[in-house]
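All remarks here apply to the structure that follows.
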Amino acid sequence: MASPQVDTDPIVSILNQIQQRGHSAYTIFEDWVDLMLYALQRRDDPYLEIVDEYNEARDMDHSQGERTMDLFANAFGQLQKQMADTDADILGAVYEEYGMSSDNFGQHFTPHNVCEMLVEITHTVDDQPRDDGTQRAVTDPACGSGRMLLCGGRRLPEAVFVGQDKDPLCAKMTALNLCFFNLDGYAILGDSLTLEYRRVWQTTHSPRGGAVRELDDEQIQTLRDNLAPEDDTDASEEKSEPAKLVAKTGSVPDDTATEQQSLTVFQTEDI
Ligand SMILES: C[S@@+](CC[C@H](N)C(=O)[O-])C[C@H]1O[C@@H](n2cnc3c(N)ncnc32)[C@H](O)[C@@H]1O
């Protein structure tokens, strides 16, 4: 697939418009991400807390359609349109472009065409659905906006995608992206090197579109147990099968009727 032509200008210019009203670039991007994530989870209270911060008297001087919350909504509409047009990680691209002048951003993700090439190179197993009811897992322990996982999702849409990042904004972008692209997965906030799990969002695929929810502590512990490498492998076995990671048991409890439970026993392919 040719690398998509990503045009972040329409979204960046909307976010710039908000910035001119006296908010920092980082706060605006963070609030935009949080607003989308809370809206998708139908979590009204934290959503309204952010809305209140922008609903100052001065903001009401703007005409309807030009108020800050309208601009955030426009940026979301543009994001959806661009994702539909390009099938690409627009959110991560906006993060890169919009944050250029901010000390708090300052990082870049793997270009889309390189992600696609890496997925081609590492995709060594057959991509036929399994007949034993298990899901393959594709993992990225330093996932950024989750772009590499999204590329993997084109080749293995039936897999479960596990992204981890120690940066909260990156973990949240991954959660949004997995949901937008209707993939089963987990976005873990925490340091991969210390196996830290601070927060986890689960995304679930459905014919009506993706869903996302944040796991509670008990569910996070269950996920950790499921993702833990088996410790009964001896060193020689580890050497012969370095990428194999087997979930021990069962499932993450699911309390939302519309969401599918997804994690069972699986085997990973690291990309
Ligand atoms: C250059 S980005 C790459 C993102 C993504 N894999 C890609 O290819 O686009 C590196 C990411 O690794 C994350 N990171 C670095 N060290 C980490 C660690 N120990 N645990 C989790 N994430 C880490 C950073 O926060 C950053 O988002």
Checklist (1) of a type outside the set (Ser, Thr, Tyr); (2) within 15 Å of the ligand (Cβ to nearest atom); (3) surrounded by fewer than 19 Cβ atoms within 10 Å (Cβ to Cβ) applied to GLY92, failing item: (3)
Against the conditions (1) modelled with pLDDT of 95 or more; (2) within 16 Å of the ligand (Cβ to nearest atom), where does ASP216 fall short? Just the number, please. (2)
Do the conditions hold for VAL94, that is, is it touching a residue at least 12 places away in the same chain (Cβ under 8 Å) and within 19 Å of CYS170 (Cα to Cα)? yes
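Results for (1) near the ligand (Cβ under 9 Å from one of its atoms); (2) surrounded by fewer than 24 Cβ atoms within 10 Å (Cβ to Cβ), shown as yes or no for each residue.
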position	(1), (2)
ALA142	yes, yes
GLN164	yes, no
PRO168	no, yes
LEU183	no, no
GLY190	yes, yes
When you go through ARG67, ARG42 one by one, which is the residue that is under 18 Å from the mean Cα position of the chain (by Cα) and of a type in the set (Lys, Arg)? ARG42
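The values are calculated or read from the model by the stated rules, or taken from the named source; none is laboratory data. Fair warning: this is a prediction, and the values are worked out from it, not measured in the lab. Positions of Cβ are generated from backbone atoms using ideal geometry, with glycine treated the same way; all protein chains shown enter the neighbour counts.
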